[in-house]
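Right, one structure below, let's go through it.
The values are calculated or read from the model by the stated rules, or taken from the named source; none is laboratory data. Keep in mind the model is a prediction, meaning the values are calculated, not measured. Neighbour counts run over all protein chains shown; Cβ positions are idealised from the backbone, glycine included.
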Amino acid sequence: MEENIAIVGSGPAGYTAGLYAARASLEPILFEGLESGGQLMLTTDVENYPGFKGGIMGPDLMQEFKSQAEKFGTKILPLTISSVKKVSEGFELFTNKESYFFKSVIISSGASAKWLGVEGEKRLQGYGVSACATCDGFFFKDKIVIVVGGGDSAMEEALFLTKFAKKVYVVHRRASFRASSIMQKRVMDHKKIEVLWNKEVKEVNGGDSVTSISLKDTENNTKEKLKADALFVAIGHTPNVAFLGDLLVLDEKGYIKTGFTTQTSTSVDGIFASGDVADSIYRQAITAAGTGCQAAMDAERWLES
């Protein structure tokens with residue numbers, strides 16, 4: 001049987017799309033995917049989501065999203081979509097068990113932060129290790145923080161962190177940045193920022209939270225420990241689009257291109273995209289939720305027409 005609408009992904013965008021689609025009596029089915037709840041499941045305190053003046057834990061916020069979507073009738077399946085195929089009457093979505101047929105699809109599969117893969121990094125995620133300065137910078141007032149990366153994102157993270165931290169180190173494994181010249185100049189000129197060239201992070205140290213970072217010089221192989229309270233990894237994000245193959249048009253950064261007929265429409269009629277999978281700029285819970293709402297409304301109007 002062909003259902004009205006599939007939602008692929010379960011972060012703020014997916015759950016919000018589910019909420020709006022369910023309230024429109026579309027009986028959406030949401031596929032949670034590998035990372036149920038998305039990147040907020042790795043975040044401890046969330047203080048910048050409206051409505052929670054005392055803050056809320058990332059996993060708790062996602063549980064609130066999920067419960068509200070379910071309350072209004074979103075059917076949530078703990079399955080991962082492996083591929084999507086356009087068929088005559090709509091779309092066939094494949095899991096490792098079976099396939100499902102839908103008239104329309106909302107892709108909300110998010111983007112995954114690229115990590116260094118070093119000792120201590122995963123264990124201390126949410127306890128000083130972060131991939132989002134906008135989300136977590138506030139917690140490091142008057143602290144020493146390290147940003148890893150050499151692109152515009154790393155420059156932006158470092159400059160943002162100067163609002164809170166007393167000292168910001170930018171660690172880069174090469175002798176030059178690949179960031180735009182204007183961003184490089186802002187970083188190099190800032191009195192709170194010190195750049196450490198030709199350095200590689202080898203280990204994140206700490207018990208309950210980050211206390212120092214082990215560095216290795218890429219030229220002479222010398223090692224050192226740098227005292228720090230936080231490590232911000234800014235080496236990019238990877239949009240979760242591999243399961244789509246070449247079904248949709250992507251932008252130059254590999255994110256789903258939208259805005260073909262409506263704000264969230266994609267290159268294929270009947271498929272909409274929301275959240276970080278279509279956003280390389282803002283990547284916030286609230287912006288993801290906003291586009292989840294838009295995608296559900298766009299899909300509803302598309303189905304009606």
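Going through Lys53, Lys103 one at a time, which residue ends up being of a type in the set (Lys, Arg) and over 21 Å from Leu248 (Cα atoms)?
On the way: Lys103 fails: over 21 Å from Leu248 (Cα atoms).
The unique qualifying residue is Lys53.
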Legend entry - Extreme residue, modelled with the lowest pLDDT, among residues of region 222-243 that are surrounded by 13 or more Cβ atoms within 10 Å (Cβ to Cβ), outside any strand (DSSP E or B) and not aliphatic (A, V, I, L, M): Gly236
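Can you spot a residue in region 255-264 that is basic (Lys, Arg), within 26 Å of Ala17 (Cα to Cα) and in contact with a strand residue (DSSP E or B) (Cβ under 9 Å, 6 or more places away or on another chain)? Break it down stepwise before answering.
Just the residues of region 255-264 that are basic (Lys, Arg), to begin with: 257.
Then keep just the ones that are within 26 Å of Ala17 (Cα to Cα); that gives 257.
Filter again for in contact with a strand residue (DSSP E or B) (Cβ under 9 Å, 6 or more places away or on another chain), leaving 257.
Yes, because at least one residue in region 255-264 is basic (Lys, Arg), within 26 Å of Ala17 (Cα to Cα) and in contact with a strand residue (DSSP E or B) (Cβ under 9 Å, 6 or more places away or on another chain).
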Legend entry - Residues located in region 1-52, provided they are of a type in the set (A, V, I, L, M) and in a loop (DSSP other than H, G, I, E, B): Met1, Ala24, Leu26, Leu34
Legend entry - Among the residues listed as Lys216, Lys253, Lys225, the single one being basic (Lys, Arg) and outside the structural domain of Arg173 (by TED's automatic domain parsing): Lys253
Inset, instruction - Hey, can you tell me all the residues within region 123-136 that are part of a loop (DSSP other than H, G, I, E, B) and closer than 12 Å to Ser209 by Cα? - result: Arg123, Leu124, Gly126, Tyr127, Gly128
Legend entry - Filtered residue count, region 260-290, keeping only those that are in a loop (DSSP other than H, G, I, E, B), charged (D, E, K, R) and under 20 Å from the mean Cα position of the chain (by Cα): 2
Inset, instruction - Could you grab me the full set of residues in region 156-168 that are over 15 Å from Ser130 (Cα atoms) and either in the same structural domain as Ser280 (by TED's automatic domain parsing) or not in a loop (DSSP other than H, G, I, E, B) (or both)? - result: Leu159, Lys167
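To keep it simple, each residue is scored yes or no on (1) under 30 Å from Arg123 (Cα atoms); (2) out of contact with any strand residue (DSSP E or B) (no Cβ under 7 Å at 6 or more places or on another chain).
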site: Lys191; (1), (2): no, yes
site: Val201; (1), (2): yes, no
site: Asp217; (1), (2): yes, no
site: Val241; (1), (2): yes, no
site: Leu250; (1), (2): no, no
site: Val268; (1), (2): no, no
site: Ala278; (1), (2): yes, no
site: Glu304; (1), (2): no, yes
